[in-house]
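Encoded as structure tokens, the structure appears first; notes follow it.
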Amino acid sequence: MDPLGLLIRLVVLPIVILLFAKLNLIKLLIILTMKLLFKREQDIVVRTPDDRFIGLDKLGYTFAPHYASLPAGGGKTLPRVHYVDEGPRDAKETVLCLHGEPSWSFLYRRVVPGLVAAGYRVVVPDFIGFGKSDKYTHPESYTHDLHTMTLRLLLEHLKLSNITLMCQDWGGLTGLTVVKDCPQLFSRLVIMNTGLPSGKDFKPWNLYAITPFLTWRSFAQFVGTAMPIKFVFKMALDNPSSEVLQAYNAPFSSMSHRGGAARWPLLVPITSGSLVSGEMRHTTDFLQNKWKSPVLIMFSDDDAITGGQEKIFKAMLPHAKQVTIRGGGHFLQEAKGEELAVNVVKFIKESN
């Protein structure tokens with residue numbers, strides 16, 4: 001192993017994690033004091049102004065917006081959900097593309113055209129808290145159950161079936177859970193730069209593998225709803241333009257709009273007793289023992305966050321086809337969107 005890499009992962013990053021933990025305690029004390037001294041009301045749900053999204057067509061995000069108010073029972077509805085819906089509505093194949101943290105449907109703008117050109121219907125939702133969807137202001141309002149329920153209701157609302165799931169980051173944790181819940185709706189899986197962490201891998205002797213994520217988690221916990229979205233993408237993408245950075249930042253016009261982005265990193269299980277651990281174990285068991293339909297595992301070769309998870313998925317799904325994306329980074333849809341589309345079209349055709 002590279003000695004410098006070992007030093008960073010085994011010494012530098014753990015020190016950074018401890019520093020963030022101490023700073024977070026100080027932050028919590030300051031916030032508590034401020035709340036006691038300066039009481040103010042806050043909306044439960046906010047909506048990003050439409051003018052934040054002006055000009056995105058020049059970057060390739062040319063898709064018409066679609067919105068759904070999904071029933072939550074008892075006459076209530078969930079916050080309004082936005083989704084991209086391109087291609088023929090009567091297409092025999094539907095590709096469902098799911099984003100993760102802290103991105104939105106803009107991430108798939110280079111993937112969608114190639115899939116539509118092949119004749120597929122392509123649906124790309126923004127999870128509640130992201131993109132053009134409405135946003136809860138309190139991070140505590142966001143749960144794994146909220147996101148999986150929203151996705152199930154959207155699939156029902158759109159009456160989708162014969163779905164090829166294309167998922168990355170939290171889109172994998174969420175989407176694969178829904179595959180476990182509604183397997184009859186799905187025909188194929190395309191799994192990219194994601195995982196199904198149940199907390200069992202977060203052990204001291206596994207420090208080299210887990211410190212990049214724990215550093216990100218500690219940072220997210222410290223900054224909370226002040227998360228600097230532009231900075232996150234500037235660090236994660238290869239020489240992005242200021243226009244692209246602004247596009248990823250567009251949904252998050254204030255701290256009140258960033259509750260979802262603040263919450264998702266903290267929902268990743270880091271112990272086997274974490275809130276989402278059970279769902280991850282059940283989803284892993286389902287894929288390993290019950291899913292026999294086609295799978296494409298398509299990871300980048302340079303993702304520090306999920307690198308190595310492709311081996312776990314391959315062991316879980318030995319019949320899966322595997323493709324490595326060179327230089328894709330964590331957000332491989334941004335760097336290699338057209339290449340991903342070509343691979344998915346080929347995968348669907350070969351598995352028909």
Across segment 296-326, what is the number of residues that are closer than 25 Å to Val116 by Cα and outside any strand (DSSP E or B)?
2
For segment 43-51, check the following and say yes or no: at least one residue is open to solvent by 70 Å² or more (accessible area, probe 1.4 Å) and farther than 30 Å from Gln333 by Cα.
yes
Flag if Arg89 is in contact (Cβ under 8 Å) with a residue 24 or more places away in the chain and more than 21 Å from the chain's Cα centre (by Cα):
yes
Do we find a residue being assigned to a helix (DSSP H, G or I) and surrounded by fewer than 16 Cβ atoms within 10 Å (Cβ to Cβ) anywhere in segment 187-205?
yes
Please work out if Ala68 is more than 30 Å from Ser241 (Cβ to Cβ) and touching a His at 6+ places or on another chain (Cβ under 6 Å).
yes
Any residue at all in segment 272-282 that is among the acidic types (Asp, Glu), outside any loop (DSSP other than H, G, I, E, B) and open to solvent by 10 Å² or more (accessible area, probe 1.4 Å)?
yes
Some residue of segment 240-255 being in contact (Cβ under 8 Å) with a residue 60 or more places away in the chain, open to solvent by 60 Å² or more (accessible area, probe 1.4 Å), in contact with a Leu (Cβ under 8 Å, 6 or more places away or on another chain) and of a type outside the set (Lys, Arg):
yes
Flagged in segment 116-135 as more than 30 Å from Phe219 (Cβ to Cβ) and touching a Leu at 6+ places or on another chain (Cβ under 9 Å), in numbering order, are Arg121, Val122, Val123
Can you tell me which condition His330 does not meet? The list is (1) more than 16 Å from Gly195 (Cβ to Cβ); (2) assigned to a loop (DSSP other than H, G, I, E, B), and all the others hold.
(1)
Answer yes or no: is there a residue in segment 148-164 that is of a type in the set (S, T, N, Q), part of a loop (DSSP other than H, G, I, E, B) and open to solvent by less than 30 Å² (accessible area, probe 1.4 Å).
no
Restricting to strands (runs of 3 or more DSSP E) lying wholly in segment 63-123: which have 2 or more residues that are in contact with a strand residue (DSSP E or B) (Cβ under 6 Å, 6 or more places away or on another chain)?
66-68, 81-86, 94-98
Does Thr215 satisfy being part of a helix (DSSP H, G or I), closer than 22 Å to His82 by Cβ and among the polar types (S, T, N, Q)?
no
Every residue in segment 303-318 that is without any contact (Cβ under 8 Å) to a residue 24 or more places away in the chain and open to solvent by 70 Å² or more (accessible area, probe 1.4 Å), please.
Lys311, Ala315, Pro318
Among the residues of segment 171-178, is any β-branched (Val, Ile, Thr), buried (at least 24 other Cβ atoms within 10 Å of the Cβ), touching a residue at least 12 places away in the same chain (Cβ under 8 Å) and part of a strand (DSSP E or B)?
no
Within the set of pairs 6 or more residues apart or between chains, which connect a residue that is modelled with pLDDT of 95 or more inside segment 330-349 to a residue that is surrounded by fewer than 21 Cβ atoms within 10 Å (Cβ to Cβ) and in a helix (DSSP H, G or I) with Cβ atoms less than 7 Å apart?
His330/Ala236; Phe331/Ala236; Glu338/Gly114; Ala341/Gly114; Val342/Gly114; Val345/Gly114
Looking at segment 75-125, which of the residues that are over 14 Å from Gly337 (Cα atoms) and of a type in the set (S, T, N, Q) is surrounded by the fewest Cβ atoms within 10 Å (Cβ to Cβ)?
Thr77
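The values are calculated or read from the model by the stated rules, or taken from the named source; none is laboratory data. What you see is a predicted model; the values in this text were computed from it and never measured. Cβ coordinates were reconstructed from backbone atoms using ideal geometry, including for glycine residues, and neighbour counts include every protein chain displayed. Only protein heavy atoms, including side chains, enter the accessible area calculation; ligands, DNA and RNA are left aside. Shrake-Rupley method; radii C 1.70, N 1.55, O 1.52, S 1.80 Å.
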